[in-house]
Amino acid sequence: MAKKGNRLHIILESTESGHSYHSTKSKVNTKARLEVMKFDPKLRKHVMYREKK
């Protein structure tokens, strides 16, 4: 399987529940950890998701 270049696989985990999303980010453009508001289906509202180590 071929690599996708400069993209890393990341896991975004909810700050309020254990739910998580899987995504990719650019190694070159984004050095810091991501923090994104996304919908949490367990809580049925938008909450902050942070990049897990």
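Read the figures in this text as sums done on the coordinates, not as results from a lab. Model, not experiment: these values are computed from the prediction. Methodologically, a virtual Cβ is constructed for each residue, glycine included, from the backbone with ideal geometry; neighbour enumeration extends over all protein chains shown.
Numbers at a glance
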| read-out | value |
| --- | --- |
| Residue ID - nearest to the chain's Cα centre (by Cα), chosen from residues in segment 5-38 that are aliphatic (A, V, I, L, M) and either surrounded by 11 or more Cβ atoms within 10 Å (Cβ to Cβ) or outside any strand (DSSP E or B) (or both) | 12 |
| Tabulated pairs, segment 42-53, first touching a residue at least 40 places away in the same chain (Cβ under 8 Å), second of a type in the set (A, V, I, L, M) and part of a strand (DSSP E or B), C-beta under 9 angstrom, 6+ apart or interchain | 51/10; 51/11; 51/12; 51/36; 52/10; 52/11; 52/12 |
| Residue match in segment 39-47 (condition: under 10 Å from the mean Cα position of the chain (by Cα) and surrounded by 11 or more Cβ atoms within 10 Å (Cβ to Cβ)) | no |
